[in-house]
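S.K.: Below you'll find the structure I mean.
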Amino acid sequence: MKRAVFYLRVSTADQHPQNQTEDLGQLAAQRGWEVIQQYCDHGYSGARARRPALDQLLADARRGRFNVVAVWSCDRLARSVRHFLEVLDELNHLGIEFVSAREQLDTGGPLGRAMITILSTLAELERSLIIERVRAGMRRAKLEGIRIGRRPAQVDRQSVLRDRARGRSLSEIAKDHRISRGLVSKILKQENLNGHKGCVQSPGQLAENSQPQAAA
């Protein structure tokens, strides 16, 4: 009897893998597998090559713990053709069969491997089309004057310059104005580039400038 494991994945935390488990359980019963473990990545995108459960599955595969890896669909394992083939190549090297329930495919022969490669290519194409649709929507929103992302921080630049002229540190200024230290540094650099270096003086410079000039 072959020892099998299931790999399950859902992209968001509010999704549940029960449907995947039920279908894979029926497949295991039909083929007479002994299911010894389930690996589930909950809330992980298929675009991520490194996932905790998948990493553990591959580590156990190298230890020879099972003979079959079953998934509900090819895109549960990976959406990138390159990553998908890397996993399949490793499983094949270890003598482990890969089975996808929805596509009814396995790596038992060359035809099954070819079909899985084609399906993985289509899954990657689908993801690319989704990304392009999102980008097209963002471009259209910009043309219509709709702001995308966070609004720029409202900063009193002159107040920042005055605080710096008093000798306050970048961290102190950032904390008081509720902005990042990097933004404070950027404001000071822009002021210097604009030729207003006199607006930002050290305490020593202020004291020197405030001393009365000696009579000629």
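S.K.: Rounded to two decimals, what ratio of Rg to Rh does region 3-129 give with C-alpha atoms and a Kirkwood Rh?
M.R.: A ratio of 0.93.
S.K.: For an R0 of 45 angstrom, estimate the FRET efficiency from the Cβ-Cβ distance between Ala47 and Arg166 and round to the nearest 0.05.
M.R.: 0.35
S.K.: Apply the Karplus curve 6.51 cos²θ - 1.76 cosθ + 1.60, θ = phi - 60°, to the phi angles in region 6-18 and return the couplings in whole Hz, x for Gly and Pro.
M.R.: Values, residue by residue: 9, 10, 10, 8, 10, 7, 10, 5, 8, 8, 10, x, 4 Hz.
S.K.: Okay, helix-only estimate at 222 nm for the chain: each DSSP H run of n ≥ 4 adds -39500 (n - 2.57), divide by all residues, round to 500 deg cm²/dmol; what do you get?
M.R.: -16500 deg cm²/dmol
S.K.: Can you order the peptides 86-92, 132-138 by their average number of other Cβ atoms within 10 Å per residue, highest first?
M.R.: 86-92, 132-138
Every number in this text was worked out from the coordinates using simple rules, so none of it is lab data. Note that this is a predicted model, so its numbers are computed, not measured. Ideal geometry is used to build each Cβ from the backbone, glycine not excepted, and the neighbour counts take in all protein chains shown.
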